[in-house]
Amino acid sequence: MTLIKILYTYGAMLFAFLAIDLLWLGVIAKNFYKNQIGFMMKSTPNWPAALIFYALFLVGIMIFCVMPAVEKDSLNHALLYGAMFGFFTYMTYELTNYAVIKDWPLAIVPVDILWGVVLATAVSLVGYFIGKI
């Protein structure tokens with residue numbers, strides 16, 4: 001992939017990631033998270049920290065999922081590696097929280113891990129299809 005193609009693909013992935021994740025966190029699962037960890041949540045997210053996470057998370061998806069999938073012309077690679085990337089990254093976050101944060105609810109652990117799988121897979125697919133153009 002050329003640098004221009006990488007940047008264009010990254011931009012599309014960023015748009016998709018923000019749209020999907022903000023829909024999940026702000027609408028679909030808002031009450032679930034509020035009920036589970038509302039006692040810990042800030043009234044306003046730390047947007048700089050969130051944006052740094054989004055930017056770096058997408059670099060990981062690009063390097064480990066999208067670029068190899070485009071190189072191999074393999075939709076299956078994008079699907080499998082996107083799902084695994086989401087699983088391992090979100091599992092690391094959730095199990096660390098469950099291990100070290102007092103009163104971290106067990107109910108949130110599988111939901112968030114599954115969300116990581118869905119989100120990273122979806123964004124990997126967007127990256128794959130845009131990268132193939």
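The values are calculated or read from the model by the stated rules, or taken from the named source; none is laboratory data. In this text, all values refer to a predicted model and were calculated from it rather than measured experimentally. Note that each Cβ is placed from the backbone with ideal geometry, even for glycine, and that neighbours are counted across all protein chains shown.
Annotation: residue 51 fulfils all but one of (1) at pLDDT below 95; (2) closer than 21 Å to residue 121 by Cβ; the unmet one is (2). Filtered by the rule that a residue be basic (Lys, Arg) and closer than 18 Å to residue 9 by Cβ, the stretch 59-105 gives a lone residue, 72. Determine, yes or no, whether residue 101 is among the β-branched types (Val, Ile, Thr), in contact with a Phe, Trp or Tyr (Cβ under 7 Å, 6 or more places away or on another chain) and over 24 Å from residue 132 (Cα atoms). So residue 101 fails the test. Taken over the stretch 72-94, residues that are assigned to a helix (DSSP H, G or I), more than 12 Å from the chain's Cα centre (by Cα) and free of Cβ contacts under 8 Å to residues at least 12 places away in the same chain amount to 4. Scanning the stretch 99-111 for residues that are assigned to a helix (DSSP H, G or I) and either modelled with pLDDT under 95 or buried (at least 19 other Cβ atoms within 10 Å of the Cβ) (or both) yields a single hit, 108. Within the stretch 1-26, residues that are of a type in the set (D, E, K, R) have Cβ atoms under 7 Å from residues that are assigned to a helix (DSSP H, G or I) and surrounded by 12 or more Cβ atoms within 10 Å (Cβ to Cβ) in these pairs: 5/131; 21/119, counting only partners at least 6 apart in sequence or on another chain. The set of residues from the stretch 51-66 being closer than 20 Å to residue 117 by Cβ and among the aliphatic types (A, V, I, L, M) comprises 56, 58, 59, 61, 62, 63, 66. Filter the stretch 78-94 down to the residues that are surrounded by fewer than 16 Cβ atoms within 10 Å (Cβ to Cβ) and touching a helix residue (DSSP H, G or I) at 6+ places or on another chain (Cβ under 7 Å) and list them by number. None; the set is empty.
Select from the stretch 22-44 the residues that are over 20 Å from residue 107 (Cβ atoms) and not small (Gly, Ala, Ser) and write down the one among them that is modelled with the highest pLDDT. Looking at the filtered set, the residue picked out is 23. Filtering the stretch 13-43 to residues that are out of contact with any Gly (no Cβ under 7 Å at 6 or more places or on another chain) and over 25 Å from residue 98 (Cβ atoms) leaves 14, 15, 16, 18, 19, 23, 27.
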